[in-house]
Structures are given as structure tokens and as C-alpha cells.
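Peer 1: Dropping the structure in here first, questions after.
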Amino acid sequence: MKILFYSTSSSVYHGEAIKTISLPSFTEQWEKLCEKHSEHEFFVATQLPGMFLCDTNGNEIIKAKKIRQILLKNDNEKAIASEIAEFKPDLAIALSFYVSPYDWLTIKDSVVAEHLRSLGIKTLAHPTEAALICFDKWQTHNFLERIGVPCAKAVYLHHELFINAGNYRDTKSNVYKTAVFQEVKKLRFPVIIKDTTGLSSFGADVVKNYEEALGILKSKKTSSDRIIEEMISGEQFGCEIYGIFDEKTGKGQYEIFPPFKFSTNQYGITSPKQSIKIGPLPEYSALRKTLTRLAEKLRLNGVAQVDLVFDKKKWFVIEINPRLSGMSTTYAASARLPLSELIFGALCHSEAKLKNDTINTTTFLPTINIKFPILSSQRLSKLKNISYVAFVNQIENHAARQIREQGYCEVILTGKSFKELKENLLDLREKFCDVAENTFFEKATEMCDLLIRQRAI
């Protein structure tokens with residue numbers, strides 16, 4: 001069977017400024033999939049940076065020996081589908097990644113899938129409708145309310161009406177702006193103000209009172225549609241959904257991976273480039289039911305990541321990202337599997353379940369994902385050779401002007417128990433004491449201790 005994994009991009013990639021090192025490399029991981037499943041012929045077709053699907057050197061893909069890798073040339077979705085069709089795959093699987101400023105690549109991959117299906121090629125990709133719902137945070141909010149999934153109370157600000165509705169000659173006042181302010185005043189503070197279509201938490205503001213909210217909404221920072229939502233107090237988590245929806249039966253089969261706890265910054269929100277992830281959380285049956293229903297309502301096909309808050313014995317959904325994420329590599333490391341095998345296995349399991357076959361679900365070791373500053377090649381080699389280090393991913397942006405944008409080194413380590421995980425964390429801190437950030441490791445140790453205590457109760 002010919003199986004092709006694909007992903008597209010909408011942004012210009014400056015490979016000369018970006019250097020990414022993954023250990024083990026994604027090339028190695030995909031080749032292991034080829035070795036294990038020699039009954040299939042695997043292809044990868046992507047656009048740069050090709051996150052999770054390939055390794056790059058500047059603006060070129062580092063070629064593999066056992067898997068065919070294609071750098072897609074076109075930008076038009078129909079033309080991309082034609083490029084993919086030339087390889088005559090029996091199945092094309094979308095594995096979307098993310099770029100700034102808009103987290104909308106799932107939409108592009110979904111449209112490509114529609115063109116592929118028109119050419120008679122079977123696809124596994126999220127519906128375009130679902131991709132659009134998840135891209136726009138206000139649409140996501142309305143969807144969650146409609147299906148009865150707990151989410152933060154929110155107010156929507158339509159930028160064009162907010163700025164221009166009172167500018168017509170015969171209009172005395174902007175009634176829309178007045179109404180938005182009135183609705184914001186009803187919210188419970190603090191609130192989070194963010195773009196409806198922004199990437200992750202970039203550009204989000206945590207606002208303590210109504211007067212401060214008013215100042216931000218009236219400022220030049222409000223240059224697009226925004227959502228103002230109550231900040232839910234509680235612990236922040238994330239998890240991923242892997243599965244398939246059968247259009248014929250109207251039913252889906254999904255594996256909901258166990259939640260990982262996220263650290264938060266001084267504003268109480270998760271910063272993707274600084275956060276610590278630790279897990280898995282063992283008991284989450286109520287969440288599993290909620291997310292299975294959510295996945296079925298969206299008719300998800302493939303991989304999706306969900307941001308969550310647990311508050312007062314209730315799970316709240318904050319965002320749905322129907323694509324691969326930093327959690328994907330964390331789960332693969334936790335399962336001690338190549339990411340390619342985790343994806344392929346989970347999706348195949350879902351298809352087997354749809355056919356009423358009995359299979360085992362994925363199991364995960366206690367795992368923590370932490371960040372280092374950029375490390376030298378010698379230090380990276382040292383990390384790779386540590387037995388409890390499962391994955392290392394370093395990103396350097398030589399064009400970045402701000403220090404925090406210049407890059408980081410992500411290190412994922414595991415243990416047979418959370419007690420052993422803590423021991424490994426302390427050992428790593430000692431081995432890299434001259435570059436380890438003390439406050440960061442103290443927070444990671446504190447999170448380990450919390451999970452150790454919870455399991456002792």
C-alpha cells in the first residue's frame with residue numbers, strides 16, 4: 001500500500017536564518033517506520049519548514065534513504081493536490097503544522113484533501129468546516145457552547161464595526177462600541193484579550209479590571225477582531241486526540257491521550273517557548289468522554305491538540321488546534337516511540353476499532369518537557385547519550401532581534417515513575433549546571449513533587 005503524509009505552508013521560509021536540530025532526527029524516525037512496516041511504501045510531501053516530517057539544511061530537505069521525500073513546489077491547493085496525485089498514493093494523510101502569524105495551515109491541508117478526493121484518492125484529513133471553526137477563536141467559543149462543552153464566558157469585538165460604525169455623516173454615536181463595553185463590564189475579571197485568529201497566546205493580554213480593558217480596546221493594539229474572555233482559575237493542561245470519523249456511519253473512533261500539566265508564566269497563561277509539560281495524568285475518564293464527543297461533532301480525521309483548564313472539578317476547553325504540536329513529540333517520547341510510529345499506530349488503531357477489532361491503546365511513561373538556552377553541538381551530543389533523555393529539539397533563529405526570539409533547546413526526559421523522573425531531572429540539572437536556569441528547574445522539580453504527592457494519596 002502506498003501511504004503519503006503531507007503538509008503545506010502559507011509563509012515564506014527563510015532557511016538561511018533558521019537552524020533546527022532534532023535528536024533523534026525526524027529522518028531517522030520516519031525510516032524506522034519504513035523498517036517496521038515494510039509491507040507499505042511511505043512518502044512524505046511537504047513545504048518548508050516541514051515540521052515533524054523532515055529535517056532541513058537551509059532551504060533544502062535532508063534526504064532519507066528508505067522513505068521518499070518530496071518538497072512541494074506549488075502554493076495553489078489544487079496544484080498541490082495534482083503534485084501529490086502524481087505519486088499515485090492509496091492513502092494521503094494530512095499532518096499539519098503551524099507558522100506565524102496565522103495558525104491556519106489545517107485549512108489549507110483540508111482544501112488540498114478535497115481536491116485529492118475529487119481525483120479519486122482516499123484521504124485522512126480534517127473537514128474544512130472543522131478547520132475553519134478551530135481557526136477562529138470566536139467560532140470555537142460558539143461551537144463549544146452549542147455542544148455543551150464548558151468554556152470561558154466571552155465577548156466578541158468586530159474590529160470594523162468597533163472602529164468605523166460611528167464615522168458615517170448621519171451617525172451621532174457608535175452604538176456597537178457602547179454595547180461591547182457594556183458586555184465587557186459584565187465579565188468577571190481578570191480577563192484575557194486576544195486576537196480571534198492569532199497563533200497560540202502571542203499578543204494576548206491578561207487584564208485585571210474594566211478600566212484597563214477599556215484602555216487596551218481603545219488603543220492601537222486593537223487592530224483586528226478580538227475576543228475578551230474570562231480567565232478561568234485552575235490548573236492548565238493539554239492533550240491530543242488521534243482518530244478517524246466514518247462519514248457513512250456518522251461515528252468516530254478516537255484515542256484521547258492523557259492530559260499533561262503545563263506551567264504558566266507570571267500572567268497565569270502558558271508561554272509555548274517557556275512552558276514545562278509534565279504527565280501523564282492517570283484519571284481523566286470524564287475528560288475522555290467530553291473530548292470524544294467534541295471530536296465526533298467536529299468529524300475530526302487525524303490529529304488534534306486541545307488546551308484545557310481544570311477548575312473546581314470541571315474541565316474547560318480553551319482552544320482546539322487540529323494539527324501536530326509540541327505535545328506530539330512529548331507523547332512520542334513518553335511512549336518511547338518515533339513520532340511517525342505513534343501517529344501511524346494511533347490512526348491505524350482507530351481504523352481497526354471502526355472495524356470492531358480489539359487492539360491495545362498507547363501507554364505512556366512519566367515524562368517532563370523542559371527548555372534550555374541554545375546549546376553547543378558538544379552539549380547536544382552529550383544530551384543524546386543520556387539514557388533517560390528521549391528527545392531533543394533545538395531551534396535557532398539568527399534573524400531574531402529579541403533574545404527571547406533567538407531560540408531554545410527543548411529536552412524531553414522520562415522515568416519509570418515520577419520519583420525516578422525527579423531523580424533524572426536533578427541529575428540533568430547537575431550535569432548541565434552551568435547553563436541550567438535555576439528558576440526553571442525549581443519549577444520543574446516542584447511540578448514533579450506535586451505529581452509524586454498526588455500518587456501517594
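Peer 1: Step by step: first the residues of segment 237-249, then only those that are open to solvent by 40 Å² or more (accessible area, probe 1.4 Å) and not polar (S, T, N, Q), then the one that is nearest to residue 347 (Cα to Cα). Which residue is that?
Peer 2: My answer is 246.
Peer 1: Tell me which of these residue 266 doesn't satisfy, since it passes every other one: (1) assigned to a loop (DSSP other than H, G, I, E, B); (2) within 21 Å of residue 151 (Cα to Cα); (3) free of Cβ contacts under 8 Å to residues at least 12 places away in the same chain.
Peer 2: All conditions are met except number (2).
Peer 1: Looking at this structure, is residue 269 at pLDDT 95 or above, over 28 Å from residue 113 (Cα atoms), buried (at least 19 other Cβ atoms within 10 Å of the Cβ) and hydrophobic (A, V, I, L, M, F, W, C)?
Peer 2: Here the answer is no, as residue 269 does not meet what is asked.
Peer 1: OK, next. As an exercise: evaluate residue 415 against (1) open to solvent by less than 20 Å² (accessible area, probe 1.4 Å); (2) farther than 17 Å from residue 337 by Cα; (3) touching a helix residue (DSSP H, G or I) at 6+ places or on another chain (Cβ under 7 Å); (4) not β-branched (Val, Ile, Thr) and give the number of the one condition it does not meet.
Peer 2: With respect to (1) open to solvent by less than 20 Å² (accessible area, probe 1.4 Å); (2) farther than 17 Å from residue 337 by Cα; (3) touching a helix residue (DSSP H, G or I) at 6+ places or on another chain (Cβ under 7 Å); (4) not β-branched (Val, Ile, Thr), residue 415 is out only on (2).
Peer 1: Same structure, new question: Could you list, in sequence order, the residues of segment 300-320 that are touching a helix residue (DSSP H, G or I) at 6+ places or on another chain (Cβ under 6 Å) and surrounded by fewer than 23 Cβ atoms within 10 Å (Cβ to Cβ)?
Peer 2: 305, 315, 317 - these are the residues of segment 300-320 that are touching a helix residue (DSSP H, G or I) at 6+ places or on another chain (Cβ under 6 Å) and surrounded by fewer than 23 Cβ atoms within 10 Å (Cβ to Cβ).
Peer 1: Turning to a different aspect of this structure: Out of the residues in segment 140-159 that are in a helix (DSSP H, G or I) and free of Cβ contacts under 8 Å to residues at least 40 places away in the same chain, state the one that is surrounded by the most Cβ atoms within 10 Å (Cβ to Cβ).
Peer 2: If we take residues in segment 140-159 being in a helix (DSSP H, G or I) and free of Cβ contacts under 8 Å to residues at least 40 places away in the same chain, then 142 is surrounded by the most Cβ atoms within 10 Å (Cβ to Cβ).
Peer 1: Which condition breaks for residue 226 when tested against (1) farther than 30 Å from residue 160 by Cβ; (2) among the charged types (D, E, K, R); (3) buried (at least 21 other Cβ atoms within 10 Å of the Cβ)?
Peer 2: Going through the list (1) farther than 30 Å from residue 160 by Cβ; (2) among the charged types (D, E, K, R); (3) buried (at least 21 other Cβ atoms within 10 Å of the Cβ), residue 226 breaks only (1).
Peer 1: May I ask you to list the residues in segment 188-204 that are surrounded by 19 or more Cβ atoms within 10 Å (Cβ to Cβ) and not small (Gly, Ala, Ser)?
Peer 2: Of the residues in segment 188-204, the ones surrounded by 19 or more Cβ atoms within 10 Å (Cβ to Cβ) are 191-196, 200-201.
Scanning segment 188-204 gives 191, 192, 193, 194, 195, 196.
Peer 1: Being closer than 25 Å to residue 244 by Cα, open to solvent by less than 60 Å² (accessible area, probe 1.4 Å) and of a type in the set (S, T, N, Q): is that true of residue 46 here?
Peer 2: Numbers: closer than 25 Å to residue 244 by Cα: yes; open to solvent by less than 60 Å² (accessible area, probe 1.4 Å): yes; of a type in the set (S, T, N, Q): yes.
Yes, satisfied.
Peer 1: With the condition kept exactly as written, say whether any residue in segment 321-336 is part of a strand (DSSP E or B) and either open to solvent by 20 Å² or more (accessible area, probe 1.4 Å) or modelled with pLDDT of 90 or more (or both).
Peer 2: yes
Peer 1: On to the next question. Looking at (1) open to solvent by 20 Å² or more (accessible area, probe 1.4 Å); (2) touching a Leu at 6+ places or on another chain (Cβ under 7 Å), can you tell me which one residue 185 breaks?
Peer 2: Tallying (1) open to solvent by 20 Å² or more (accessible area, probe 1.4 Å); (2) touching a Leu at 6+ places or on another chain (Cβ under 7 Å), residue 185 fails exactly one: (2).
Peer 1: Moving to a separate point now. Looking at (1) open to solvent by 50 Å² or more (accessible area, probe 1.4 Å); (2) under 23 Å from residue 275 (Cβ atoms), which is the only condition residue 177 fails?
Peer 2: (2)
Peer 1: Give me the pairs, please: first residue somewhere in segment 64-82 and on the phi > 0 side of the Ramachandran plot and without any contact (Cβ under 8 Å) to a residue 24 or more places away in the chain, second residue anywhere and crowded, with 20+ Cβ neighbours inside 10 Å and of a type in the set (Asp, Glu), beta-carbon distance under 7 Å, and either six or more positions apart or on two chains.
Peer 2: none
Peer 1: Another question about this same structure. Considering only segment 427-442, state which residues are surrounded by fewer than 17 Cβ atoms within 10 Å (Cβ to Cβ) and of a type in the set (D, E, K, R).
Peer 2: 427, 430, 431, 434, 437, 442, listed by residue number.
Peer 1: Scan 113, 85 and give me the residue that is buried (at least 19 other Cβ atoms within 10 Å of the Cβ) and small (Gly, Ala, Ser).
Peer 2: 113
Peer 1: With 152, 64 as the choices, which residue is under 27 Å from residue 197 (Cβ atoms) and of a type outside the set (Phe, Trp, Tyr)?
Peer 2: None of the others qualify; the one that does is 152.
Conditions tested, residue by residue: (1) among the aliphatic types (A, V, I, L, M); (2) in contact with a Lys or Arg (Cβ under 6 Å, 6 or more places away or on another chain); (3) modelled with pLDDT of 95 or more; (4) open to solvent by less than 50 Å² (accessible area, probe 1.4 Å).
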{"site": "8", "(1), (2), (3), (4)": "no, yes, yes, yes"}
{"site": "12", "(1), (2), (3), (4)": "yes, no, no, no"}
{"site": "26", "(1), (2), (3), (4)": "no, no, yes, yes"}
{"site": "52", "(1), (2), (3), (4)": "no, no, yes, yes"}
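Peer 1: Do we have any residue at all in segment 285-295 that's touching a Pro at 6+ places or on another chain (Cβ under 6 Å) and either assigned to a strand (DSSP E or B) or not aliphatic (A, V, I, L, M) (or both)?
Peer 2: No, because not a single residue in segment 285-295 is touching a Pro at 6+ places or on another chain (Cβ under 6 Å) and either assigned to a strand (DSSP E or B) or not aliphatic (A, V, I, L, M) (or both).
The values are calculated or read from the model by the stated rules, or taken from the named source; none is laboratory data. It should be emphasised that the depicted structure is a prediction, and the values quoted were computed from it without experimental measurement. Counting neighbours? That spans all protein chains shown, and the Cβs are built from the backbone with ideal geometry, glycine included. What goes into the accessible areas is simple: the full protein's heavy atoms, side chains included, and nothing from ligands, DNA or RNA. Shrake-Rupley method; radii C 1.70, N 1.55, O 1.52, S 1.80 Å.
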